[in-house]
Structures are given as C-alpha cells and as structure tokens.
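The values are calculated or read from the model by the stated rules, or taken from the named source; none is laboratory data. None of the values given here were measured: they were computed from a predicted structure. With ideal geometry, Cβ positions are generated from the backbone for all residues, glycine too; neighbour counts draw on all protein chains shown. To get the accessible areas, we keep the full protein, side chains included, count just its heavy atoms, and leave off ligands, DNA and RNA. Shrake-Rupley method; radii C 1.70, N 1.55, O 1.52, S 1.80 Å.
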Amino acid sequence: MSVAPRSVGRRERNKQDKLDRIVAAATELFAEHGVDDVTTQQIADKADIGTGTLFLYAKTKGELLLLVQNAKYAEALEQGRADAETIPGALDAVLAIVRPIIECNRIQIDNGRTYLREMVFGDPEEPRHSAALAIVAQTEEAIAAALRRDERVTAGDAQTLAHIVSAVMFLSMATSLNIALSVEEIVQDIRRQVEVLLPR
C-alpha cells in the first residue's frame, strides 16, 4: 500500500514564505550596501517580519550572509565543473573550476571576504556554515578530479594538492593585498602558485 505524499501545510508554506522574504531582503540590502553596513533590523523591516522572527531563521548577520551566498557559490562551482569538462589539461581545468568561484566572490568584494571569514571561523555545527564547508569539500573534490588527469599525480597526491589549491584560492580572494585585483589577476596569481606545486 503506497502512501500519497502530503501537501505542504499552511504552517510550512508560511515558514517558507518568510524565509524567501528574508533571503530576498538580505540579498538586496547586502548587494546595495555591503554586509557591514546593513543591520538585522533593516533586513527584518524589508522582509516585513519582526527581528525575533528573523533570528529564528538566522542567529547572526554572518549566518544571513551564508544563507544568501551558499546557493550562489554552489552555482559557481557547478559552472566551473561544467567548464572544466571541456578542458583536457589539468592546470587549465583547475583554473576553469576556480574562475566562477572567484567571479562570485568578487561581485561585492567586502561581502565576499566576509563570507569567507564566516565560513572559516563560524560554528561548523550550524547548518549554513556546514553547507558552506560542504561546498568547499565539493570544490576540492572537483579540483582533485581535474588534477588526476595528469598521470604523474596519484589519487592521494591529487587530494592533498586539491586541499592546497583550495587554500591558495581562498587566501587569494580574502587577503587585503588583493582587494584591488581583478578576477583575471587573481586567477593568474593562483596559476603561478599552482604551477609550482605540480610535477614537472
């Protein structure tokens, strides 16, 4: 006997509607003003909810940023994976994976840097932080797969190198020294660093 799927109840629809409004409000305000210059009260007002309700969905502004940005970073990773499929060389495939992530991070540089800080230093048990860390793990898996195209790179070395490449990418995006750099300049900086790591 099969059980017919239950339709979503009013309470769940209301919760999803509030979450959608929160995400839309935070997305707009963060893009317009930057995460540091937006208050949770402004987000609650724009979403037409109370601040107490807002904190049921995200306890901090950092969690709100993760809520907004995680989906964008996941989309960037998928684009990078797709781009890498058409590129035979390991190094160029790695750069194809990281380029859309860098582009995503540079849309609003301060937000991008804050996102990285929240991801690294936030509570890994909190679901949005956990989701961000999962995106990092998936990025490293994609980079390792690209590196394994080079027959000189073993599977174990590919995993270790992917972890290093990920660290290089995130540091290149987050460091204050690179604030004024373009996406292309950051990609080339990463290329130079990764070239040194690869077997010759």
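The set of residues from segment 146-182 being of a type outside the set (Val, Ile, Thr), touching a residue at least 40 places away in the same chain (Cβ under 8 Å), closer than 20 Å to residue 85 by Cβ and not in a loop (DSSP other than H, G, I, E, B) comprises 146, 147, 169.
Please pick out the residue among 31, 71, 76 that is aliphatic (A, V, I, L, M), modelled with pLDDT of 95 or more and out of contact with any Lys or Arg (no Cβ under 7 Å at 6 or more places or on another chain). Please lay out each step first, then the result.
Working: 31 fails: modelled with pLDDT of 95 or more; 71 fails: modelled with pLDDT of 95 or more.
One residue alone meets the criteria, 76.
Applying the set (1) over 21 Å from residue 30 (Cβ atoms); (2) out of contact with any Leu (no Cβ under 7 Å at 6 or more places or on another chain); (3) open to solvent by 30 Å² or more (accessible area, probe 1.4 Å) to residue 172 leaves exactly one unmet item: (3). Looking only at residues of segment 188-200 that are open to solvent by 20 Å² or more (accessible area, probe 1.4 Å) and in a helix (DSSP H, G or I), we find that the one that is nearest to residue 94 (Cα to Cα) is 191.
Of all residue pairs spaced 6 or more apart or on separate chains, those with beta-carbon atoms under 8 Å, a first member in segment 9-22 that is within 15 Å of residue 68 (Cβ to Cβ) and a second member that is open to solvent by 100 Å² or more (accessible area, probe 1.4 Å) are 21/48. On the phi < 0 side of the Ramachandran plot, open to solvent by less than 20 Å² (accessible area, probe 1.4 Å) and at pLDDT 95 or above: is that true of residue 144 in this structure? Criteria met by residue 144.
I need the helices (runs of 4 or more DSSP H) fully contained in segment 1-89, keeping only those with at least 2 residues that are under 20 Å from the mean Cα position of the chain (by Cα). First the steps, then the outcome.
Details: elements: 10-33, 40-47, 51-57, 61-85.
Result: 10-33, 61-85.
Based on this model, can you work out whether residue 185 counts as more than 19 Å from the chain's Cα centre (by Cα), more than 20 Å from residue 134 (Cβ to Cβ), outside any helix (DSSP H, G or I) and free of Cβ contacts under 8 Å to residues at least 24 places away in the same chain? No: the conditions fail for residue 185.
Considering only residues of segment 102-126 that are among the β-branched types (Val, Ile, Thr) and touching a helix residue (DSSP H, G or I) at 6+ places or on another chain (Cβ under 6 Å), which is nearest to residue 38 (Cα to Cα)? Can you show your working first?
At the first step, the residues of segment 102-126 found to be among the β-branched types (Val, Ile, Thr) are 102, 107, 109, 114, 120.
From what's left, touching a helix residue (DSSP H, G or I) at 6+ places or on another chain (Cβ under 6 Å): 102, 114.
Working: 102: 23, 114: 13 Å.
Checking each candidate, the answer is 114.
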